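Each value in this text was obtained by applying a stated rule to the coordinates, not by laboratory testing. Fair warning: this is a prediction, and the values are worked out from it, not measured in the lab. When we count neighbours, we look across all protein chains shown, and the Cβ atoms used for this are built from the backbone with ideal geometry, even at glycine.
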Amino acid sequence: MEILTDYQNRQIRLTEERLQHILDHPEMVDMRFQLEIVLQNPEVVRQSRSDSKVYLYYRFYEQTIVGAKWLCVVIKDNSDDAFIITAYLTDKLKQGLELWRNL
């Protein structure tokens, strides 16, 4: 298990199981290092519309294995424990309350 920090210096757990889940997707194989970059330097952070404890961190990458995409790192913050749920590449940002923008 690794402990990463986000742009607010919040500690976020990344378990081996979650990392393996993320890296099992072929388009994510070379994106391990970028997970940390997205957490530390997101361009947009939104709160999930379906779960107020879930946050979506986004950063745009011009070149990925599948072209220009947003990398989204999804975390859950239970006050005393924050952890990565998943991460994926996407064409567009999900709806939700915008908490941070640094474009």
* Does the chain come out rounded, prolate or oblate, given a ≥ b ≥ c as the square roots of the eigenvalues of its C-alpha gyration tensor, rounded meaning a/c under 1.5 and, failing that, prolate meaning a/b above b/c? -> oblate
* Once amide H atoms are placed 1.01 Å from N in the peptide plane, what residues at a sequence separation of 5 or more from VAL44, or on another chain, have their amide H within under 5 Å of its amide H? -> TYR58, ASN102
* Once every DSSP H run of n ≥ 4 in the chain is given -39500 (n - 2.57) and the sum is divided by its residues, what mean residue ellipticity at 222 nm do you get, rounded to the nearest 500 deg cm²/dmol? -> -4500 deg cm²/dmol
* Could you tell me which chymotrypsin sites (Phe, Trp or Tyr not before Pro) in the range 1-97 are loop residues by DSSP with no more than 14 other beta carbons within 10 angstrom of their beta carbon? => TYR7
* Could you give the size of the charge dipole of the chain about its Cα centre, using +1 on the Cβ of each K and R and -1 on the Cβ of each D and E, expressed in debye and rounded to the nearest 20? => 380 debye
* Distant-in-sequence amide H partners of ILE85 (H built 1.01 Å from N, under 5 Å) -> VAL74, ILE75, LYS76
* Taking 7 Å along the Cα-to-C-beta vector as the label spot, tell me the TRP100-SER48 distance in nanometres, rounded to one decimal. => 1.8 nm
* **Taking only Cα atoms of the range 58-103, radius of gyration then Dmax in Å** => 12.3, 37
* Structure fact -> Applied in sequence order to the range 14-29, the curve 6.51 cos²θ - 1.76 cosθ + 1.60 (Karplus, θ = phi - 60°) yields integer Hz couplings, x standing for Gly and Pro, of 10, 7, 4, 4, 5, 4, 4, 4, 5, 6, 5, 7, x, 6, 9, 3
* Relative contact order, percent, the range 1-78 [alpha-carbon distance under 8 Å, six or more residues apart] -> 22 percent
* To do: At most 15 other Cβ atoms within 10 Å and a DSSP loop assignment: could you name the trypsin sites (Lys or Arg not before Pro) in the range 71-103 that fit?
  => LYS92, LYS94
